[in-house]
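**Student:** Take this structure, written in structure tokens, and hold onto it; I'll ask about it next.
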Amino acid sequence: MNAITVDKRVVINLDRCIECGSCAAACFVSHANMPAVGFASGGSALLPVICRQCKAASCVEACPAEAMVRDDASGVVRRRLFRCTGCGCCAKACPFGVLPNELAGAPGGFRSVDRISGRQVPKCDLCEDRTAGGNGQVVPRCVAACPAGALAFADEHLAAELHLTVVGGRATADNPYKRR
């Protein structure tokens, strides 16, 4: 059985990122105070890191509670909130370190934060509530909130047509070794 994979992903243009954190703020507000946008230090730069929506998602395979799943219709790898036990197996299995090791609390006090079942691992779902249907005009909230235009919701393979170098399948830049 071949799973459907997503055509578009959130791509980051390193030349344009101003490290403002608007992407994380938009994600935080829209995903019940559990942001799926993290930040990684790249030398002197602080860059947003977002789920890569892997074709062979190790987080899905590693989840003992079957909370991480690939949606059969859209191909998006997402987390089923009420199945997540907060064990962190998915975060440990992610080869890119995108899933945070720090657990987030359950939204709205659904569960006790004193028990492991009251914690979940935040996971990007490409704002599936907005982007489902393939409209093309609607983008994930992190992309919409980026004031510098550093984030784009696009086919990562089209970066070459824009004369950008793709770094690790997710980041683009005119010169990935020199920033600003």
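One line per residue, one yes/no per condition, for (1) out of contact with any Gly (no Cβ under 9 Å at 6 or more places or on another chain); (2) at pLDDT 65 or above:
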residue: Val76; (1), (2): yes, yes
residue: Cys90; (1), (2): yes, yes
residue: Pro100; (1), (2): no, yes
residue: Ala106; (1), (2): no, no
residue: Ile116; (1), (2): no, no
residue: Arg119; (1), (2): no, yes
residue: Cys124; (1), (2): yes, yes
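**Student:** Could you run through region 70-102 and say how many residues are closer than 24 Å to Ala132 by Cα, of a type outside the set (A, V, I, L, M, F, W, C) and touching a residue at least 24 places away in the same chain (Cβ under 8 Å)?
**Tutor:** Count: 7.
**Student:** If you check Ile12, Ile50, which single one turns out to be in contact with a Lys or Arg (Cβ under 8 Å, 6 or more places away or on another chain), modelled with pLDDT of 80 or more and more than 18 Å from Cys90 (Cβ to Cβ)?
**Tutor:** So the residue among Ile12, Ile50 that is in contact with a Lys or Arg (Cβ under 8 Å, 6 or more places away or on another chain), modelled with pLDDT of 80 or more and more than 18 Å from Cys90 (Cβ to Cβ) is Ile12.
**Student:** Can I ask one more? Going by the conditions given, is Arg80 at pLDDT 85 or above, closer than 21 Å to Arg141 by Cα, surrounded by fewer than 16 Cβ atoms within 10 Å (Cβ to Cβ) and out of contact with any Lys or Arg (no Cβ under 7 Å at 6 or more places or on another chain)?
**Tutor:** yes
**Student:** So which of Glu61, Glu66 ends up being in a loop (DSSP other than H, G, I, E, B), at pLDDT 90 or above and loosely packed, with under 15 Cβ neighbours inside 10 Å?
**Tutor:** Going through Glu61, Glu66 in turn, just one is in a loop (DSSP other than H, G, I, E, B), at pLDDT 90 or above and loosely packed, with under 15 Cβ neighbours inside 10 Å: Glu66.
**Student:** Given the criteria farther than 16 Å from Cys51 by Cβ, at pLDDT below 65 and either under 20 Å from the mean Cα position of the chain (by Cα) or outside any strand (DSSP E or B) (or both), does Val138 qualify?
**Tutor:** Taking the combined requirement at face value, the residue does not satisfy it.
The values are calculated or read from the model by the stated rules, or taken from the named source; none is laboratory data. Model, not experiment: these values are computed from the prediction. Cβ sites come from the backbone with ideal geometry, for glycine too, and all protein chains shown count toward neighbours.
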